[in-house]
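The values are calculated or read from the model by the stated rules, or taken from the named source; none is laboratory data. A quick note: this is a predicted structure, and the numbers were derived from the prediction, not measured. Neighbour counts are summed over all protein chains in view; Cβ atoms, including those assigned to glycine, are modelled from backbone coordinates with ideal geometry. These accessible areas exclude ligands, DNA and RNA; they are computed on the full protein's heavy atoms, side chains included. Shrake-Rupley method; radii C 1.70, N 1.55, O 1.52, S 1.80 Å.
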Amino acid sequence: MAKCRVGIVGVGTFGINHLRCFRQLGYMGVAELVAAADVNEELLQERTRDFEFAPYTDYREMIAREELDAITVVTPDPLHREIAVYAANAGLHVLSEKPLDVTVEGCLDMIEAAEKASVLLMVDFHKRYDEYHVAMRQKVQAGDLGDIEYGYVHMEDRIEVPRDWFPGWAANSSPAWFLGIHFYDLTRFIMGADPVQVWATGVKKRLRDLGVDTYDSISAKVMFDNGATVAFDTSWIIPYEFEAIVNQGIRLVGTKGLLECDSQDRGTITCCEGEGMQTHNMSFLRQRFDKQGREVWQGYGMDSIADFAHNVNVLLDGGTIEDLGDFPSGYDGLQATRLAAGVHHSLETGGIVEL
Ligand SMILES: NC(=O)c1ccc[n+]([C@@H]2O[C@H](COP(=O)([O-])OP(=O)(O)OC[C@H]3O[C@@H](n4cnc5c(N)ncnc54)[C@H](O)[C@@H]3O)[C@@H](O)[C@H]2O)c1
């Protein structure tokens, strides 16, 4: 059974989850965390104190020097394309953080590079791995709701995400690119339908006053090719005092029933001094310790990354991409980007956009 050798590009806020995932896959003999690259040398050094890997400030040098099977791309959104294409051309399998790219052309470029090199291109759409969402999909696909007529999604981050976590590139992103993209993909996944039309409105106020020139909130009404319309409300200006870093949920209504999922509050509540009342999405990430006392993380935030390693191992063992079954592919990344780009096109023109 193969054990893929992996490099990570980008070890910032979310990169730490990739480091955690491949470290613990190492404990299980599934993958080896070989190397990681980040242009921020100080951060890279900091990460080497907690994780064992060969550090590089240039991902090209990492790919040239290390015998890798695969990389994961966890850099700011606009950089996924260049890195993924470079790695695919070098014959490496690629997991890209969402969004695959911030342009339709970029996604097509990445898909083409992966196809040419016969390598796997996956997108980290981890909401597909949430057991609640999987159950929703099974019900919808079984026809329990009949024909879906309409739906509603909300995803809202606390303001520190764009203001404090990545002020350097938040202005190049938006609630649609950073948050909406998750649910654009999830809604496609659950309904098995593609978006065909979008009309969006947005507001720039709070963040612009703070010097971050991007939308506070974006509301998009999307028609899908199964006839359903779904409203997506996204924002990242929720006050720091809100009970969780993200508030999120989805509901779908069909001819025979409805489904609702509060994908933030799974019923676990804490109230500690200095933190106030907190609700927790324990399905996403939860810290555990194995029998040896080593830290291991569980949840769909890990499962999606681990699925990439399992898929790469199947390919290394002689399997084909067709053998992998269902996974968030480059095509899925393209469709989600097509919608996010359509949302922004509608914001710019004020009109309905055909996708
Ligand atoms: N799946 C999720 O739920 C989720 C959550 C947060 C972020 N993300 C995605 O993960 C990606 C990273 O987000 P983040 O919050 O960690 O951002 P971040 O800014 O905290 O980290 C990005 C890292 O990439 C590094 N970097 C920049 N250019 C590079 C290059 N050319 N080569 C190597 N490293 C480079 C930066 O120095 C930084 O350390 C984004 O695409 C974001 O949308 C996904």
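Here's the yes/no breakdown for (1) open to solvent by 20 Å² or more (accessible area, probe 1.4 Å); (2) modelled with pLDDT of 95 or more; (3) among the polar types (S, T, N, Q):
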position: SER283; (1), (2), (3): no, no, yes
position: ARG288; (1), (2), (3): yes, yes, no
position: ARG294; (1), (2), (3): yes, yes, no
position: GLN298; (1), (2), (3): yes, yes, yes
position: ALA309; (1), (2), (3): no, yes, no
position: VAL312; (1), (2), (3): no, yes, no
position: LEU315; (1), (2), (3): yes, yes, no
position: GLY318; (1), (2), (3): yes, yes, no
position: ILE321; (1), (2), (3): yes, yes, no
Which members of the range 79-98 meet the condition of being buried (at least 20 other Cβ atoms within 10 Å of the Cβ), more than 14 Å from the ligand (Cβ to nearest atom) and among the small types (Gly, Ala, Ser)? ALA88
Which of the numbered conditions does VAL30 fail, given that it passes all the others? Conditions: (1) open to solvent by less than 60 Å² (accessible area, probe 1.4 Å); (2) more than 19 Å from VAL314 (Cα to Cα). (2)
Which listed residue is within 26 Å of GLU112 (Cβ to Cβ) and either in contact with a Ser or Thr (Cβ under 7 Å, 6 or more places away or on another chain) or in a strand (DSSP E or B) (or both), from VAL94, VAL85: VAL94
Here the residues within the range 177-199 that are open to solvent by less than 10 Å² (accessible area, probe 1.4 Å) and small (Gly, Ala, Ser) are GLY180, ALA193
Filter result for the condition that a residue is free of Cβ contacts under 8 Å to residues at least 24 places away in the same chain and of a type in the set (Val, Ile, Thr), over VAL34, VAL30, VAL39, VAL9: VAL39
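Considering each of SER304, SER283 in turn, give the residue that is among the hydroxyl-bearing types (Ser, Thr, Tyr), closer than 22 Å to MET1 by Cβ and within 16 Å of the ligand (Cβ to nearest atom).
Exactly one residue qualifies, and that residue is SER304.
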Residue in the range 292-300 that is in a strand (DSSP E or B), away from the ligand (no atom under 16 Å from the Cβ), within 25 Å of the chain's Cα centre (by Cα) and closer than 20 Å to HIS154 by Cβ present: no
Which one of these is within 23 Å of MET122 (Cβ to Cβ) and open to solvent by 30 Å² or more (accessible area, probe 1.4 Å): GLU46, GLU67, GLU42? GLU67
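When you go through SER263, SER304 one by one, which is the residue that is open to solvent by less than 60 Å² (accessible area, probe 1.4 Å) and either charged (D, E, K, R) or not assigned by TED's automatic domain parsing to the domain that holds ASP109 (or both)?
Selected residue: SER263, the only one of SER263, SER304 that is open to solvent by less than 60 Å² (accessible area, probe 1.4 Å) and either charged (D, E, K, R) or not assigned by TED's automatic domain parsing to the domain that holds ASP109 (or both).
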ASN247: passes all of (1) in contact (Cβ under 8 Å) with a residue 40 or more places away in the chain; (2) not in a strand (DSSP E or B) but (2)
